[in-house]
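Here is the structure we will look at.
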C-alpha cells in the first residue's frame, strides 16, 4: 500500500483490493497521530490470534493479548530486522472461536 509516488492516501477501492488479496490491512499514520487502523480476515483455519506493532514514538511495542511472548513482540523484529530464528507461542494467544 505504500507508494512513493502517491500524493494522498489510498482510496477505499485500493484498500478493499489489498485486503481482499492479502487478508489484512493496517494504516501508516504520522508520528503522534492517535488513530491506528487494523483489519485482519480470520479464516476457519486460524485458531489463535495476536497483534503486535511498533510505535515509532520511543520505539516501543504495543501488543495484545497481554500474554504475548517471544519474537513477535521484539522491537527489532517489528522494525524489519528479523532474527535468524524466531520463537512464537500461539497457544498463549487469543483463541479464535
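If I filter segment 75-97 down to residues being more than 16 Å from the chain's Cα centre (by Cα) and touching a residue at least 24 places away in the same chain (Cβ under 8 Å), which single residue comes out as surrounded by the most Cβ atoms within 10 Å (Cβ to Cβ)? Give the derivation first.
Looking only at segment 75-97, we keep the residues that are more than 16 Å from the chain's Cα centre (by Cα), and these are 83-87, 89, 91-92, 95-97.
If we keep only those that are touching a residue at least 24 places away in the same chain (Cβ under 8 Å) as well, we get 91-92, 95-96.
On the way: 91: 9, 92: 14, 95: 10, 96: 12.
Ranking the candidates gives 92 first.
State which residue is farthest from residue 94 (Cα to Cα) when the search covers only segment 30-74 and only residues that are surrounded by 14 or more Cβ atoms within 10 Å (Cβ to Cβ) and in contact with a helix residue (DSSP H, G or I) (Cβ under 6 Å, 6 or more places away or on another chain).
54
Looking at segment 25-35, is at least one residue modelled with pLDDT of 85 or more and within 17 Å of the chain's Cα centre (by Cα)?
Going residue by residue through segment 25-35, those that are modelled with pLDDT of 85 or more are 25.
Now restrict to residues that are within 17 Å of the chain's Cα centre (by Cα): 25.
Taking every residue of segment 25-35 in turn, at least one turns out to be modelled with pLDDT of 85 or more and within 17 Å of the chain's Cα centre (by Cα).
Looking at this structure, is residue 18 modelled with pLDDT of 85 or more and either part of a loop (DSSP other than H, G, I, E, B) or on the phi > 0 side of the Ramachandran plot (or both)? Write out each step before concluding.
Numbers: modelled with pLDDT of 85 or more: yes; either part of a loop (DSSP other than H, G, I, E, B) or on the phi > 0 side of the Ramachandran plot (or both): no.
In short, no.
The values are calculated or read from the model by the stated rules, or taken from the named source; none is laboratory data. Values in this document were obtained by computation on a predicted structure and should not be read as measured data. In this analysis, Cβ positions are derived from the backbone assuming ideal geometry, glycine residues included, and neighbour counts consider all displayed protein chains.
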